[in-house]
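Below: the structure, in structure tokens.
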Amino acid sequence: MNMKKNPKNGDMLSLLGFGCMRLPTRGLKINDREAAEVLLRAVDLGVNYLDTAYFYHNGDSEAFLGRVLTPERRDKLYIADKLPPFMVKKPQDMDKIFGVQRARLKTDRIDYYMMHMLQDMATWDRMKSLGIEKWIDGRKAAGDIVNFGFSYHGGREQFKSLIDAYPWDFCQIQYNYLDVNNQAGRAGLEYAQSKGVPVFVMEPLRGGKLAAPLPKQAGDYLAKHSEGRSPAQMALRYVWSHPGVTLLLSGMNTVGQVEENAAAASDSAGYALTGEEQHVFQRVRELILSKTAVECTGCGYCLPCPHGVDIPTCFSLFNEKMSGVGQANFMKYMQATGSFSPTPANASRCRACGACQARCPQGIPIADKLRQAARKMEGPLFRPVTAAARLYMGGKGKV
């Protein structure tokens, strides 16, 4: 297993991290026997970074790690976990949640702790008002938390603002060869790198979609230039090729997936892409995106929208939904457009004011396409669900 030094603290981390969100299940519960077999095979092959969260597998993902990791195994691994901001209503909630997590994990420390789905500055400002910075300082001083960061699924500009808002030890973003202009994207990745913030990548395979059969023309072209590597291995190779990526997470749920991904992470040829290889990924991206509804490049020239619409993100998810490559479902759309936050950026907020139109270099009829996106992505339950969610989370603002 190839390793990479965390540029912030010197930790030697496996290029391949294990995401504990998609463990094997039996019914609605984790299948401990199969899940342990998969996880321990990954550890045997050199994976030393395990990522979980308070809500994964209805709260049992953390406890599973506590059941499987003996003290001897635990001491050789880095565990990442997450604090859900919407559950923090008062300062004491941070201690309560963190206490539950350590008890589930059966550990005295969490090596990489992050704000879960920190979407915007409004959420960070609220957490600051509750004392998150002082709390983190105290936990670090006590050795309970070693590194503090955030995971992110929102748009590029909010990501940059968050990077500048705090001396983060790391951040976690979605990135793959299709999402170069989606969410934080390559521009966000490079911005974090320029600020000295290590970037950990999630969804390198788009929830497995880039490992599954691709649209035929794209799949055939990639196979012709893959030198025997599988689609999954090619997708992982693309992410590792970016110098700003410290590691990536894969939600593996079979031993076969572990061995396939670990082989890619052990490639002695290295990961720097030649110009020809860059062209291959560009062409595959084009072939996949040719089945899209909006020819948006994600350049962001249309922003800022006077009404707060994150136009590139809305179009990217709309395209994902229409092409069948990805998991652009109702929940993912709400998360990525901040629909639960006080400053939502979903497509139906468009008022067809025309401010974006003159700035679009592609000449896209933006208001018309946003109406189509809203019809496809939001549906009749969108307003009541988001309103109820914001009320539950203590948020304000209009849909």
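Just so you know, all these numbers are worked out from the coordinates, no wet-lab data involved. Keep in mind it's a predicted model, so treat the numbers as computed, not measured. Note that we place each Cβ from the backbone using ideal geometry, even for glycine, and neighbour counts take in every protein chain shown.
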Where in region 34-69 does the amide nitrogen come within less than 13 Å of the point 7 Å from the Cα of Ser266, taken along Cα to Cβ? 41-47
Please give, to one decimal in nm, the separation of the simple spin-label points placed at Gln217 and Asp108, each 7 Å out from Cα toward the Cβ. 6.0 nm
Relative contact order (%) - the chain, alpha-carbon pairs under 8 angstrom, separation at least six: 15 percent
Between rounded, prolate and oblate, where does the chain land on the alpha carbon gyration tensor, with a ≥ b ≥ c its root eigenvalues, rounded for a/c under 1.5, else prolate if a/b exceeds b/c? oblate
Taking H placed 1.01 Å from N in the peptide plane, check which residues at least 5 places from Ile110 or on another chain put their amide H under 5 Å from its amide H. Ile145, Val146
Normalised by the number of residues in region 106-193, what is the relative contact order in percent for Cα pairs under 8 Å and 6+ residues apart? 31 percent
Per residue of region 213-224, what does 6.51 cos²θ - 1.76 cosθ + 1.60 with θ = phi - 60° give for ³J(HN,Hα)? Whole Hz please, x for Gly and Pro, Karplus curve as stated. x, 7, x, 3, 5, 5, x, 5, 5, 5, 4, 5
Summing -39500 (n - 2.57) over every DSSP H run of at least 4 residues in the chain and dividing by its residue count gives a helix-only mean residue ellipticity at 222 nm, to the nearest 500 deg cm²/dmol, of -13000 deg cm²/dmol
Expressed in nanometres to one decimal, the distance between label points 7 Å along Cα→Cβ at Gln362 and Met331 is 2.8 nm
Highest mean first, how do 283-291, 256-264, 14-22, 309-317 rank when packing is the count of other Cβ atoms within 10 Å averaged over residues? 309-317, 14-22, 256-264, 283-291
Kindly work out what percent of the DSSP beta bridges joining two residues of region 24-131 are antiparallel, to the nearest 5. 20 percent
Charge dipole magnitude, Cβ of K and R +1, D and E -1 - region 311-393, Cα centre, debye nearest 20: 140 debye
Is there a quick way to get the dipole size of the chain? I mean about its Cα centre, with the Cβ of Lys and Arg at +1 and of Asp and Glu at -1; what is the value in debye to the nearest 20? 1200 debye
For region 126-259, what D do you get in µm² per second when you plug the Kirkwood radius from alpha-carbon pairs into Stokes-Einstein at 37 °C and 0.692 mPa s? 199 µm²/s
Once the dipole of the chain is set up with Lys and Arg at +1 and Asp and Glu at -1 on Cβ about the Cα centre, which of Pro198, Pro344, Gly300 lies farthest towards its positive end? Pro344
Once the dipole of region 311-393 is set up from charges on Cβ (+1 Lys and Arg, -1 Asp and Glu), the residue from the list Phe318, Cys353, Phe382 lying farthest towards its positive end is Cys353
Report the gain in length on full extension from Glu37 to Lys8: 0.36 nm times residue separation, minus Cα-Cα distance, nm rounded to one decimal. 7.2 nm
From the Cα gyration tensor of region 311-393, with a ≥ b ≥ c the square roots of its eigenvalues, which class applies: rounded if a/c is under 1.5, or else prolate if a/b is larger than b/c, or else oblate? oblate
Which of the lysines could a cross-linker span from Lys332 if the Cα-Cα distance has to be under 23 Å and same-chain partners fewer than 8 positions apart are dropped? Lys29, Lys82, Lys160, Lys209, Lys291, Lys321, Lys369, Lys376, Lys396, Lys398
Antiparallel as a % of all DSSP beta bridges within the chain, to the nearest 5? 15 percent
Could you work out how much longer the chain between Ser290 and Lys89 gets when fully extended? Use 0.36 nm per residue separation minus the Cα distance between them, nm to one decimal. 67.9 nm
How high is the relative contact order of region 311-393, in percent, with contacts defined as C-alpha pairs under 8 Å that are six or more residues apart? 33 percent
Over the Cα atoms, compute the radius of gyration (one decimal) and Dmax (the largest Cα-Cα distance, rounded to a whole number) for region 189-336, in Å. 16.3, 50
Contour minus Cα-Cα span, Asp137 to Asp125, at 0.36 nm per residue, comes to 2.6 nm
